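The values are calculated or read from the model by the stated rules, or taken from the named source; none is laboratory data. Computed from a predicted model, the values in this text were never measured in an experiment. Backbone-built Cβ (ideal geometry, glycine too); neighbour counts: all protein chains shown. Heavy atoms of the whole protein, side chains included, go into the accessibility calculation; ligands, DNA and RNA do not. Shrake-Rupley method; radii C 1.70, N 1.55, O 1.52, S 1.80 Å.
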Amino acid sequence: MTGNISLAQGREYLAIPGPSVMPEEVLRAMHRPAPNIYAGALIDMMPGLTADLRRMARTEHDVAIYIANGHGVWEAALANTIAPGELVLIPASGRFSHGWSEMARGLGAETQIIDFGKSDPWDMDRIAEALRADTEHRIKAVLAVHVDTSSSIRNDVPGLRKLLDELEHPALLMADCIASFGCDVFEMDAWGVDVMVTACQKGLMVPPGVGFVYFNEKAASKRAAMPRVSWYWDWVPRANPDEFFQYFGGTAPTHHLYGLRAALDLIHGEGIEHVWARHAKLARAIWAACEVWAEGGDLVLNVADPAFRSHAVTALRLDSGKGTALRQWTEQTLGLTLGIGLGMAAPGDPARDKFFRLGHMGHLNGQMVMGLLGGIQAGLTALNVPHGKGALEAAACVIAS
Ligand SMILES: *Cc1c(COP(=O)(O)O)cnc(C)c1O
């Protein structure tokens, strides 16, 4: 027997920050013949589905559904609210904030970016400065990425609302909750979020392909004042359709809707507050292990302050440059796939090989997290990466507490 025999045979584990692990319930719900889209179960399902989507976001307001990934709902949200030439403010703490701002520019908006780098959360004082300087209220919206999946920073969305209110700035607060939805606490109405975008393939545990835009009355009035909105992106008929096809601007994403129904049943069956608490505890177990490994001087958690760490994704690096090697080792040897680093180093830069991420969103329990951590520890050992001892014990203590 050689030392490096593959142990990958068996059920694989995709621990990347989306798509996330798909529950059997979701997959089974999708495994069916094509349903009638003109009458019957699918149509009857819609009011309950949108009610449960609203319940999950803690909102009484509207939700529009799109056959789209996260990029699609980014565009949908902007297409309904921001006219060409209007200005949006983007406090950026990672690649996804820049991605949303690029999309805004593509639609003819002007963008003002406050860049906090790749490891730091928003600095509210700098955002306040920008808002205060905007005496003419040219800024029509603040594009706020709640959890930036590239950096794993979780930003203070309610704090941003407070700031806008204190400064009496009328800009819409638009939140990207694509990574955080169903993982980190989010309360649209209590937090005063005007527009929220999310997608189904992360905390919602459904294969990629459906996205959502939530909006309140303030956002609806901005939509009403728009010179024009493209027929396909218009959220008005989607949120309040007279006909079934209007929910989707055409043919329904039939199987995704059944998968989504099953996922919402799982989430509300567990209870959203319990779902949040489970993610918080599992994230703490992961951080505990990472902090012990970090004592070896090679592994670094991208976000230093736990208060600003996402409960859905953790961005890490190995300063020795063995991040890519670790991912390859766990995938080939263990059937455990870790996430690549994203947006941390330019293409072609050898530093890219330092970075990797752990997805811990959605259909995730304690034994999976212990398996994930055990697999990483085996990889660190196999690759001779110096690491502190006792990481699994530290994680087990969190889980046992
Ligand atoms: C995944 C993600 C996106 C992009 O979603 P796609 O479905 O890949 O288009 C945008 N923002 C955040 C925060 C994400 O996590």
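Determine which member of the set G390, G343 is touching a residue at least 40 places away in the same chain (Cβ under 8 Å), touching a helix residue (DSSP H, G or I) at 6+ places or on another chain (Cβ under 7 Å), farther than 18 Å from E12 by Cα and surrounded by fewer than 16 Cβ atoms within 10 Å (Cβ to Cβ).
Step by step, each of G390, G343 is checked, and only G390 is touching a residue at least 40 places away in the same chain (Cβ under 8 Å), touching a helix residue (DSSP H, G or I) at 6+ places or on another chain (Cβ under 7 Å), farther than 18 Å from E12 by Cα and surrounded by fewer than 16 Cβ atoms within 10 Å (Cβ to Cβ).
Could you check, for the range 197-205, whether at least one of its residues is open to solvent by 10 Å² or more (accessible area, probe 1.4 Å) and among the β-branched types (V, I, T)?
No, the range 197-205 contains no residue that is open to solvent by 10 Å² or more (accessible area, probe 1.4 Å) and among the β-branched types (V, I, T).
Looking only at the range 271-295, how many residues end up being out of contact with any helix residue (DSSP H, G or I) (no Cβ under 8 Å at 6 or more places or on another chain) and hydrophobic (A, V, I, L, M, F, W, C)?
The number of residues fulfilling the criteria is 5.
Select from the range 205-228 the residues that are aliphatic (A, V, I, L, M) and under 26 Å from the mean Cα position of the chain (by Cα) and list them in ascending order.
M205, V206, V210, V213, A219, A220
Can you report the number of residues in the range 135-157 which are farther than 23 Å from E187 by Cβ, open to solvent by 10 Å² or more (accessible area, probe 1.4 Å) and touching a helix residue (DSSP H, G or I) at 6+ places or on another chain (Cβ under 9 Å)?
1
Find all pairs meeting these conditions: Cβ atoms under 7 angstrom apart; at least six residues apart or on different chains; first residue within the range 92-118 and modelled with pLDDT of 95 or more; second residue of a type in the set (S, T, Y) and away from the ligand (no atom under 13 Å from the Cβ).
S101/T111; A104/T111; R105/T111
How many residues does the range 342-379 hold that are of a type in the set (D, E, K, R), under 30 Å from L260 (Cα atoms) and part of a loop (DSSP other than H, G, I, E, B)?
Residues in the range 342-379 being of a type in the set (D, E, K, R), under 30 Å from L260 (Cα atoms) and part of a loop (DSSP other than H, G, I, E, B): 0 in total.
Within the bounds of the range 30-37, is there any residue that is at pLDDT 95 or above and within 17 Å of the chain's Cα centre (by Cα)?
No - not one qualifying residue is present in the range 30-37.
Name the residue that is farthest from the ligand (Cβ to nearest atom), counting only residues in the range 13-36 that are farther than 25 Å from H311 by Cα and open to solvent by 40 Å² or more (accessible area, probe 1.4 Å).
Selected residue: N36.
Tell me yes or no: at least one residue of the range 257-271 is under 30 Å from M124 (Cβ atoms), at pLDDT 95 or above, within 23 Å of the chain's Cα centre (by Cα) and not aliphatic (A, V, I, L, M).
No, the conditions are met nowhere in the range 257-271.
In the range 63-94, which residue that is part of a helix (DSSP H, G or I), in contact with a strand residue (DSSP E or B) (Cβ under 7 Å, 6 or more places away or on another chain) and not hydrophobic (A, V, I, L, M, F, W, C) is farthest from the ligand (Cβ to nearest atom)?
T81
Tell me, which residue of the range 258-301 that is in contact (Cβ under 8 Å) with a residue 12 or more places away in the chain and acidic (D, E) is nearest to D319 (Cα to Cα)?
The selected residue is D298.
Of the residues E75, E110, E60, E102, only one is assigned by TED's automatic domain parsing to the domain that holds T149, open to solvent by 70 Å² or more (accessible area, probe 1.4 Å) and touching a helix residue (DSSP H, G or I) at 6+ places or on another chain (Cβ under 7 Å); which?
E60
Pick from Y247, Y214, Y232: which is hydroxyl-bearing (S, T, Y) and farther than 17 Å from E75 by Cβ?
None of the other options fit; the residue is Y247.
Quick check on my filter: what residues within the range 299-320 are surrounded by 21 or more Cβ atoms within 10 Å (Cβ to Cβ), of a type in the set (D, E, K, R) and not in a strand (DSSP E or B)?
none
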